[in-house]
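Here the structure comes first, spelled out in structure tokens, and everything after it is commentary.
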Amino acid sequence: TNATPVNLSAYPNVQLTFQHNFRWWNDTRIVRISPDNGVTWVELDVITDDAGYSYPAQSSNNPHMSVYDISSVAGGMSEVLVQFYYNDNDIWAWYWAVDDIAISELPDNSIVSSDEVMGGWWIGYQTVGGLGQDYTFNPMSQAAANPYAFESVLRNGGIATQDITMHVEVTEDATATNVFSSTSNVLTLAAGEQDTVAANTTFSPMTGGLYNIAIWSEADSAGDGSVYTYSDTASKVTIITDYIYGKDYNSEDGYWRIGRSDGGLEISSTYDIYADADLYSVDAHISDWSVP
């Protein structure tokens with residue numbers, strides 16, 4: 001907890017930002033805010049949930065960036081404290097490194113794009129069927145029957161109401177040429193609001209090979225007509241194959257223990273079939289340090 005309270009009485013709209021890195025093992029990380037010099041505390045988030053890490057021994061990206069709108073708790077208050085709470089829960093744990101902590105005014109115009117997908121996970125699955133998963137190896141027959149559907153979650157991180165549009169561009173890696181562009185409908189969001197959007201058209205690749213995908217969003221302030229803000233750009237890669245179907249990049253990065261002293265476990269993966277296909281094999285990687 002910071003030793004000296006921060007005076008935010010002149011700032012009604014504020015955000016807390018920081019960088020951090022951790023390796024999760026059943027330990028707890030929580031960010032708390034006190035508006036009254038420690039008399040009361042408001043819990044902002046359990047960091048493991050915020051970062052999307054859900055199983056033991058999983059490392060965060062480095063750094064993981066976190067931004068919280070703390071206006072409702074700390075805006076206009078004269079004695080604000082920030083607390084980073086860590087508990088190993090009596091289980092062997094790793095660490096939590098936090099850096100570059102700042103409290104700043106919310107900008108008038110700021111947009112955040114997150115959870116970008118190319119398989120229709122948020123919206124498209126409702127009409128196409130299946131789960132709308134992202135496939136990094138995608139057989140041409142499946143891609144033709146279920147074209148790529150681009151979506152994202154957009155949040156207004158500023159004070160002003162903003163009209164936000166998602167943009168998508170697909171480039172064929174072999175020729176470095178743009179083969180697809182699309183946008184979403186305009187989404188009007190008030191401060192702090194978020195919603196999902198989808199590109200208005202889907203992408204059906206004509207040839208096999210590697211494709212690079214860029215997804216970002218642009219906003220103007222409530223239809224003023226001038227672009228004020230761009231989100232960060234998310235980059236994705238997919239490979240159109242003759243027959244290989246996969247959701248990784250042919251890399252055995254990461255693992256899960258499926259045989260433990262407390263009982264056997266099973267692990268599986270799902271593949272949506274949109275065009276009839278003959279299944280000849282399933283590939284699975286077993287680490288070389290596994291014990292039969």
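Throughout, read-outs are computed from the coordinates displayed, never taken from laboratory work. Fair warning: this is a prediction, and the values are worked out from it, not measured in the lab. Quick reminder, even Gly has a Cβ in these numbers, built from the backbone with ideal geometry, and neighbours come from all protein chains shown.
If we sort 10-21, 275-286 on the protection proxy, mean other Cβ atoms within 10 Å, highest first, what's the order?
Descending mean neighbour count gives 10-21, 275-286.
Given Cα pairs under 8 Å that are at least 6 residues apart, what percent is the relative contact order of the chain?
Taking the mean separation of contacting Cα pairs over the length of the chain, I get 17 percent.
Based on the mean of other Cβ atoms within 10 Å per residue, sort peptides 135-143, 96-104, 188-196 so the most packed one is first.
For the peptides 135-143, 96-104, 188-196, the packing ranking is 135-143, 188-196, 96-104.
Short version: ³J(HN,Hα) in whole Hz for each residue of the range 34-43, in order, from phi by Karplus 6.51 cos²θ - 1.76 cosθ + 1.60 (θ = phi - 60°), x for Gly and Pro, what are they?
With the stated coefficients, the range 34-43 comes to 10, x, 9, 6, x, 5, 10, 10, 10, 7 Hz.
Under 5 Å between amide H atoms, partner at least 5 residues away or on a different chain: which partners does GLU193 have, H built in plane at 1.01 Å?
Hits under the 5 Å cutoff: ASN156.
If you take every residue apart from ASN178 with its C-beta less than 12 Å away from the C-beta of ASN178, what net charge results, scoring Lys and Arg +1 and Asp and Glu -1?
Cβ neighbours under 12 Å give a net charge of -3.
Can you give me the long-range amide H partners of ILE164? Hydrogens built in the peptide plane at 1.01 Å from N, cutoff under 5 Å, separation of 5 or more residues or another chain.
When sequence neighbours closer than 5 places are left aside, the close amide H contacts are LEU187, THR188, LEU189.
Tell me the label only: which of [x] 0.98; [y] 1.00; [z] 1.02 is Rg/Rh (Cα atoms, Kirkwood Rh) as calculated from this structure?
[z]
Amide H neighbours of VAL42 under 5 Å, at least 5 residues apart or on other chains, H built in the peptide plane: list them.
ILE33, SER34
Across the range 19-30, in residue order, what do the Karplus-derived ³J(HN,Hα) couplings come to in whole Hz, using 6.51 cos²θ - 1.76 cosθ + 1.60 with θ = phi - 60° and x for Gly and Pro?
3J(HN,Hα) across the range 19-30, in whole Hz: 9, 7, 8, 7, 10, 8, 8, 6, 8, 10, 10, 9.
Restricting to DSSP H runs of at least four residues, report the calculated mean residue ellipticity at 222 nm for the chain, -39500 (n - 2.57) per run over all residues, nearest 500 deg cm²/dmol.
Using -39500 (n - 2.57) per qualifying helix, the result is -1000 deg cm²/dmol.
Mind giving me the FRET efficiency for THR196 and ASN61? R0 is 22 Å, r the Cβ-Cβ distance, nearest 0.05 is fine.
Rounded to the nearest 0.05, the efficiency is 0.45.
Ranked highest first by average number of other Cβ atoms within 10 Å, how do 117-124, 201-208 line up?
Per-residue Cβ counts within 10 Å, averaged per peptide and sorted highest first, yield 117-124, 201-208.
Could you run the Karplus curve 6.51 cos²θ - 1.76 cosθ + 1.60 with θ = phi - 60° over the range 185-196 and give me ³J(HN,Hα) per residue in whole Hz, x for Gly and Pro?
5, 5, 10, 9, 10, 7, 3, x, 7, 9, 7, 9
Would you report the distance distribution of C-alpha pairs in the range 66-206 as whole percents per 10 angstrom bin, up to the bin with the largest distance?
10, 28, 24, 22, 14, 2, 0
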